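This report concerns only the one structure given below.
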C-alpha cells in the first residue's frame with residue numbers, strides 16, 4: 001500500500017523558506033534596510049512631493065506581492081517591478097536635491113542611496129530573468 005502524498009506546504013511557508021534560503025546579507029538587506037527605508041517614506045506624505053515619493057517607494061514593493069504569490073518564493077523577476085518606480089524615484093530626488101537636514105531631507109537621501117544600490121542589483125537581475133534564469137530561491 002502506497003502512503004498518501006504529502007500535503008502541499010502553505011503559501012506563506014513556501015515564501016518564508018525561499019526568503020530564508022537567500023544569502024544572509026540579502027536577507028539583512030531586504031528585511032532591515034530596503035523595506036524599512038522605503039516604508040519610512042510614508043511618514044512624509046504631507047511634505048512637498050511626499051505623496052509621490054511614498055507611492056513610488058512603496059508601490060515597487062507592493063508590486064512584488066503578486067510575484068511572490070505566483071512564484072511561491074523569491075526569483076529574479078522580483079527585480080522587474082522595481083525598475084520604473086525606483087528609477088523615477090531616484091531621478092526625482094536628484095532633481096529636487098533636498099537639503100541634507102531635518103528628517104525629511106535625511107529620509108530622501110537615505111531612500112535615494114538605498115534604492116540606487118537596489119537598482120544596481122535589479123537591472124542585471126531583470127536581464128538575467130528575461131534571458132531565462134527563472135529559478136525560485138530555495139527550490
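The values are calculated or read from the model by the stated rules, or taken from the named source; none is laboratory data. Note that this is a predicted model, so its numbers are computed, not measured. Note that we place each Cβ from the backbone using ideal geometry, even for glycine, and neighbour counts take in every protein chain shown.
Just wondering, is there one or more residues in the range 125-133 that are in contact (Cβ under 8 Å) with a residue 12 or more places away in the chain and touching a strand residue (DSSP E or B) at 6+ places or on another chain (Cβ under 8 Å)?
yes
Output the residue which, of all residues in the range 93-118 that are crowded, with 18+ Cβ neighbours inside 10 Å and more than 17 Å from residue 45 (Cβ to Cβ), is farthest from the chain's Cα centre (by Cα).
By that ranking, first place goes to 112.
Any idea how many residues of the range 11-26 are surrounded by 10 or more Cβ atoms within 10 Å (Cβ to Cβ), farther than 24 Å from residue 56 by Cβ and free of Cβ contacts under 8 Å to residues at least 12 places away in the same chain?
Count: 3.
Those residues that are farther than 15 Å from residue 74 by Cβ and in a helix (DSSP H, G or I), I need them from the range 1-37; list them, please.
Within the range 1-37, 32, 33, 36, 37 meet the criteria.
Is it fair to say residue 49 is within 18 Å of residue 86 (Cα to Cα), modelled with pLDDT under 95 and either crowded, with 16+ Cβ neighbours inside 10 Å or touching a strand residue (DSSP E or B) at 6+ places or on another chain (Cβ under 9 Å) (or both)?
Answer is yes for this residue.
Please go through the range 93-112 and give me each residue that is without any contact (Cβ under 8 Å) to a residue 24 or more places away in the chain, in a helix (DSSP H, G or I) and touching a helix residue (DSSP H, G or I) at 6+ places or on another chain (Cβ under 9 Å), ordered by number.
Once the filter is applied, which keeps residues that are without any contact (Cβ under 8 Å) to a residue 24 or more places away in the chain, in a helix (DSSP H, G or I) and touching a helix residue (DSSP H, G or I) at 6+ places or on another chain (Cβ under 9 Å), the range 93-112 yields 94, 109, 112.
Looking at 73, 59 in this structure, which one is surrounded by 15 or more Cβ atoms within 10 Å (Cβ to Cβ), at pLDDT 95 or above and at positive phi?
73
Considering only the range 113-139, state which residues are over 19 Å from residue 27 (Cβ atoms) and in a loop (DSSP other than H, G, I, E, B).
Hits for the range 113-139 are 131, 132, 133, 134.
If the requirement is being surrounded by 15 or more Cβ atoms within 10 Å (Cβ to Cβ), at pLDDT 95 or above, more than 21 Å from residue 133 (Cα to Cα) and in contact with a helix residue (DSSP H, G or I) (Cβ under 6 Å, 6 or more places away or on another chain), which of these qualifies: 80, 90, 67?
90
Just checking, does the range 38-50 include any residue being assigned to a helix (DSSP H, G or I), touching a helix residue (DSSP H, G or I) at 6+ places or on another chain (Cβ under 6 Å) and closer than 16 Å to residue 117 by Cα?
Yes.
So how many residues does the range 27-45 have that are closer than 16 Å to residue 106 by Cβ and without any contact (Cβ under 8 Å) to a residue 40 or more places away in the chain?
3
Filter the range 60-76 down to the residues that are under 20 Å from residue 23 (Cα atoms) and assigned to a helix (DSSP H, G or I), then identify the one that is nearest to the chain's Cα centre (by Cα).
It comes out as 61.
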